[in-house]
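The values are calculated or read from the model by the stated rules, or taken from the named source; none is laboratory data. Computed from a predicted model, the values in this text were never measured in an experiment. When we count neighbours, we look across all protein chains shown, and the Cβ atoms used for this are built from the backbone with ideal geometry, even at glycine. The accessibility values were calculated without ligands, DNA or RNA, using every heavy atom of the protein model including side chains. Shrake-Rupley method; radii C 1.70, N 1.55, O 1.52, S 1.80 Å.
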Amino acid sequence: MQSLHIHNLSYQHADGHVQFKQLNFAVSEKLTAIIGANGTGKSLLAQILAKQLAATTGNVEFNGSVLLVSQQQLTAQHLEETSGSIAHQLGIAQKLAALARIEQGSCREADFNLVNDDWLCAQYYQQQLLTLAIDAPLSQRVGSLSGGQQRRLTLNCALQAAPDLLILDEPTNHLDHAAKQWLIAQLHAFQGHIIVVSHDRELLNQCNAIIELNNQGATYETGNYQHYSEQKALQQNALAKRINHLEKEQKKQQLQMQQNREKAQQRAAQGSKNRSTASQPKVMLDFKKNSAQASKGASERLASAKLDSLAKKQQTLKQHLPDNIERKLKFSQPSSNKRLLFIDKLCLPYGCSKNPVTLQINSGDKLRIAGPNGSGKSTLLRMISESTKSCLSAAIQLNSKVLYIDQHCSFLTATDNLEKALELHCELKPQTIRHLLANIGFKGDDIYRQIHQLSGGEKMQLAMLIAAQNAANYLLLLDEPDNHLDLANKQHLAQNLANFTGSFILVSHDEAFVQQSSLTAQITLK
């Protein structure tokens, strides 16, 4: 397999913000992961590698075919707007239409050419859908499938296309455990190169190489994520020791400079005393004074230069430390104690779980809704949210305002900037808004960035900040809020949910995140 080479790659946004600069690396391993904190430009880099976006400077060398499955392509809204039926997504809609016409008596040569003796086409692809855990006719609209089923279908089509280089941007988002295992097996069986952008530890540990985007550019390491984390920890510890050593050297040098000043002052005082008593000739005293001042000046310049050198070395080393933003996301706490939601034997729409849903949420309850892709988890949250506007079902009795944060943060307006979004949803003073945004890493002119300019992880960070400000008065409906978040932000969110005394309903396929969130109950849709 040929390698992909990146030379001096840089990208600058139209507003002048530099996303990354002078990236240099080569991809030769079969399965390579691109990782990094939210907002470091991973998805932008994926688009540049796929030649869907032009870099500001530098170039990408790869002569084979490239296919990118982006986050946008994997959203339910995109699939619903652009795809139509499952058959259309699989690329067999015209063949099936020709088969149907032949069955009705058509003798057109064009129909027979389309079929091309593939008379069992419908049966073959229907069986393939079952292997994807999609029990639906080929004529069914893609938009009616669950988010996880849509993602699995799209990924399968990309794998079947068999490009020389396949780039997948956060492919495991929305996938249940079985679907994730299916994807991992498919990636290992794939014949070409694969680059994945991901925060999923399980997937990252299947990779052969890791590329991390950071404030210094890109770091490349062969091996899986566990190996990369261990090597990074060793490097960071060694770096911290070198910085600590330099700090001690600085303090030692400063102490030496202070002692030298004190000695010089003592000598000057003694010289003044000798001059006043005229114990030595004036010519000799002047000579000693001038010599002492010259020696003191040279000594101080030398010590100052050494101190400056130590400070510059320390600053250079600190630039290689990771950006440790102190994340401050605090959920407002409720004071009421009441029943917020009661659902009595609710029947979900066709295609979801066949078992009626019964549940109750009181103040302080933290409920997880579990279940495989297609069981109706997101559908249930959506029905609860929509019951505030109209009575969809008498089975849903809601006694609280709700804030529904779906998988794509759809409640946010794409053209709003960050400041306006918080004004609209939180009714806070401008100074408070700027302070809150700075607490999650958006400082200065960042508050004027529009929602559509944010990465998936940054958008979810903003959504969860809005949720945190409204948490005291709302029942939170959180549909896979851990998707798109980098590992540090995911852990931080879980800790805040664990400390929250209010109520929420959570959907997530990440068992570690669920456990860290300290839930009080779970129901499983089957």
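Of note:
- 222 nm mean residue ellipticity, helices alone, for the chain (DSSP H n ≥ 4; -39,500 (n - 2.57); rounded to 500): -14500 deg cm²/dmol
- Cα-projected label distance for Thr56 with Asp308, points at 7 Å along beta-carbon direction, nm: 3.1
- Tensor-based shape of segment 392-526 (alpha-carbon gyration tensor, a/c under 1.5 rounded, otherwise prolate or oblate): prolate
- Stretched out straight at 0.36 nm per residue, the stretch from Gln250 to Ser3 would grow longer than its current Cα-Cα span by 84.3 nm.
- Estimated vicinal HN-Hα couplings, Hz - segment 18-29 in sequence order (Karplus 6.51, -1.76, 1.60; Gly, Pro = x): 8, 6, 7, 8, 6, 7, 9, 6, 10, 10, 10, 6
- The amide H of Leu348, built 1.01 Å from its N in the peptide plane, has Val357 as neighbours under 5 Å, considering only residues 5 or more places off or on other chains.
- Using a probe of 1.4 Å on the protein chains alone, the accessible area found for Phe190 is around 20 Å².
- Matching label, percent of Cα pairs over 38 Å apart computed from the structure shown, candidates (1) 47; (2) 43; (3) 26: (2)
- Remark: spin-label model distance Lys263-Ser65 equals 7.8 nm, labels positioned 7 Å along the Cα→Cβ axis.
- Burial ranking of peptide ranges 162-175, 435-448, 114-127 (average Cβ count within 10 Å, highest at the top): 162-175, 435-448, 114-127
- A DSSP coil position with no more than 15 other Cβ atoms inside 10 Å describes the following GluC sites (Glu not before Pro) in segment 404-498: Glu427.
- Approximating the spin labels as points 7 Å out from Cα along Cα→Cβ, the Ser518-to-Ala498 distance works out to 0.7 nm.
- For Lys312, the aspartates and glutamates whose Cα comes closer than 16 Å to its Cα, not counting residues fewer than 8 places off in the same chain, are Glu247, Glu249.
- Zone residues, segment 135-155, relative to Glu103, backbone N less than 14 Å from point 7 Å out along Cα-to-Cβ: 137-140
- Distance violations [Cα-Cα > 31 Å] among Lys248/Lys330; Lys232/Lys459; Lys30/Lys377; Lys21/Lys330: Lys248/Lys330; Lys30/Lys377; Lys21/Lys330
- Cα-based shape type of segment 108-174, given that a ≥ b ≥ c are square roots of the gyration tensor eigenvalues and the cut on a/c is 1.5: oblate
- Surface share of carbon and sulfur [accessible, 1.4 angstrom probe, percent] for the chain: 48
- Shape call, segment 474-526: gyration tensor on alpha carbons, a/c limit 1.5: oblate
- Between the beta carbons of Asn214 and Trp119, assuming R0 = 51 Å, the FRET efficiency works out to 0.40 to the nearest 0.05.
- Efficiency of FRET from Cβ geometry, Leu130 and Asn473, R₀ 56 Å, rounded to 0.05: 0.80
- Percent of beta bridges antiparallel (DSSP, the chain, rounded to nearest 5): 45
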